[in-house]
1. For the pair ILE125 and THR4, what calculated FRET efficiency results from E = 1/(1 + (r/R0)^6), where r is the Cβ-Cβ distance and R0 = 41 Å, to the nearest 0.05?
2. Identify, among GLN557, SER511, MET482, the residue whose Cα sits farthest towards the positive end of the charge dipole of the stretch 480-579, taking +1 on the Cβ of Lys and Arg and -1 on the Cβ of Asp and Glu, with the dipole about the Cα centre.
3. State whether the stretch 1-96 is rounded, prolate or oblate according to the following rule on the C-alpha gyration tensor (a ≥ b ≥ c being the square roots of its eigenvalues): a/c under 1.5 gives rounded; otherwise a/b larger than b/c gives prolate, and the remaining case gives oblate.
4. Rank by packing, highest mean first: peptides 426-439, 60-73, 654-667, with packing defined as the count of other Cβ atoms within 10 Å averaged across residues.
5. Report the FRET efficiency, 1/(1 + (r/R0)^6), for GLU36 and LEU201, where r is their Cβ-Cβ distance and R0 is 41 Å, rounded to 0.05.
6. What FRET efficiency would be calculated for the residue pair ASP144, CYS265, taking the C-beta separation as r and a Förster radius of 45 Å, to the nearest 0.05?
7. Full-extension gain between GLU433 and GLN244, please, as 0.36 nm times their residue separation minus the C-alpha to C-alpha distance.
8. Net charge within 13 Å of GLU143 by Cβ-Cβ distance, Lys/Arg positive one each and Asp/Glu negative one each, not counting GLU143 itself?
Amino acid sequence: MDATVILPILKKKLAFLSGGKDRRSGLILTIPLCLEQTNMDELSVTLDYLLSIPSDKCKARGFTVIVDGRKSQWNVVKTVVLMLQNVVPAEVSLVCVVKPDEFWDKKVTHFCFWKEKDRLGFEVILVSANKLTRYIEPCQLTEDFGGSMTYDHMDWLNKRLAFEKFTKESTSLLDELALINSGSDKGNQQEKERSVDLNFLPSVDPETVLQTGHELLSELQQRRFNGSDGGVSWSPMDDELLAQPQVMKLLDSLREQYTRYQEVCRQRSKRTQLEEIQQKVVNWLEGPGSEQLRTQWGIGDSIRASQALQQKHEEIESQHSEWFAVYVELNQQIAALLNAGDEEDLVELKALQQQLSDVCYRQASQLEFRQNLLQAALEFHGVAQDLSQQLDGLLGMLCVDVAPADGASIQQTLKLLEEKLKSVDLGQQGLREKGQSLLDQISNQASWAYGKDVSNENKENVDHIQGVMEDMQLRKQRCEDMVDVRRLKMLQMVQLFKCEEDASQAVEWLSELLDALLKTHIRLGDDSQETKVLLEKHRKFVDVAQSTYDYGRQLLQATVVLCQSLRCTSRSSGDTLPKLNRVWKQFTITSEERVTRLEMAVAFHSNAEKVLQECPDEPESINDMEQFDEIEAVGKSLLDRLTVPVVYPDGTEQYFGSPSDMASTAEHIREKIKLVCLKKQQLRQPEVCPTES
């Protein structure tokens, strides 16, 4: 039974197979009853059609029938259940009658089903829609029963109609193609002498039928209905799974018969095509095609010109490609004829095939050579343009005066300059390689001239290539000369900045020595020996400072020489030199004061130690009392000097050490003066020490 015959009935959706399955993998047949009276004959026809779709294996697993009686009366539901006994008695395993919210008379319904249970042959249960999931998984129920399975009845019906239509058309087409192909095999010898007759064409277009079949197969293989947007995924129904192999089998048969049919048509037209080979392929390749290549010998004088020539060559290649495609197809046909041709045709076909191959290969080789030549020219001009831009950038960098802020920026600029020069060297080397490769190809160009003299064209190309290479070499040489001058200048500037930096460092070191002299060189020694040691250390300390000062002066003199060479003014000449002289002057004054104090301390300690160490039992060894007075005077002068600051030419003052340090030194001197006074009293009792008064 075809769906088109009962299409109005099927559209009513009196029953449907949603694709869902029960827990025993049996199909679920749904009968949605409505408020209107259901036509039992139409329902029976619908069930017969639906039950004819599944395979016998699927039917053997049994059906679960859902009778949706929520919108119907009990009598109708009962009639439908009883009708199932006649339509599908063996296949029905379970009938689930979905009861309405206002339930029928329980006594009547229960009695009726119990009474008919043995006679029906299947179990009938009454269940509400929300409890239907006790028997069937929710994913296998449609949305009408609270499930998640999406079912589109019209989509399913359209697929069935398309499947049946394709089956009918493909079967009819297969019969026609088989008849045509078999007739061609029997009358092959006679068909050689006559052209194709329209009577041998099939009634429908095979391509259209094949396309329809592929579209149908794609639809059947989809995992969701096209009309159910946003629905959840579902597995194809059994009728679709069953239809897929049938469609694929028909498609395979159609392709096989259609291929044979196409072969029959090709065999009928081969002779005609072979007769046109000389006119369509050979004549064009040897005529207009060859003439196009003879006129194309230039390589261009720039990237744009080479690209224009490439574009023109691509147009020529495109025209040749069309004829090459014809050659490939015809060559295959000639090969087929050689395999199945008569002996008298072999010599003629082989000669024709050889002639065609020679012409095509010669043209293809010339096209490839021309393409390679233009590609090499484009690469040469590209490298030349890049090198020219690099030289312009290097020249621009050399034309800008260098005015960096410090030596580090000079070093960075010098590094960038060297990198640019290295890049230019690499570019020049690449240009020579590309140019030599292009010249080699041009020297071989004469072999493709087809007798034409191309010496003038080649000479122009060679002169252009050599001219570009020589021009780039001259520009590079000029830039290298300028780089040498700039490099020397920048190295002198680096040396200038270094001298200025080191001179500033010398000033800083001299300042640190001055600070150390004032803050740490404060001790005068506890005796003459220690004081002499301190005096010697101080002289060495002064030597270090003198070396630092001399080093700074030498650096500043070097900056003056470098500035004269660079014709610039040094910042050090107006700033660092006064600082150096000022710090050195302060250091000299401070050092002299330190020497004076140490020398006074040596004199004081030496004389004091001399009188203190003389034996008291020999007073005659002491010359006179004036010596004691002199020692006391030196000690007092030293004490007074400790309290006096160092005064610099600019009027500033600095003290040696802290007040506590000076107090400690002064206290030690006073103690020694007391010892001298005591010694003096021992020698002359009547006199009293001035420090005690």
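1. 0.65
2. The one lying farthest along the dipole's positive direction is MET482.
3. In terms of gyration-tensor shape, oblate.
4. 60-73, 426-439, 654-667
5. With a Förster radius of 41 Å, E is 0.20.
6. 0.25
7. Taking 0.36 nm per residue and subtracting the Cα distance, the gain is 61.7 nm.
8. Local net charge: -3.
Every read-out reported here was derived from the displayed coordinates using simple, explicitly stated rules and does not represent laboratory data. Bear in mind the structure is a predicted one, so any value in this text is a computation, not a measurement. Glycine gets a Cβ as well: all are built from the backbone with ideal geometry, and neighbour counts include every protein chain shown.
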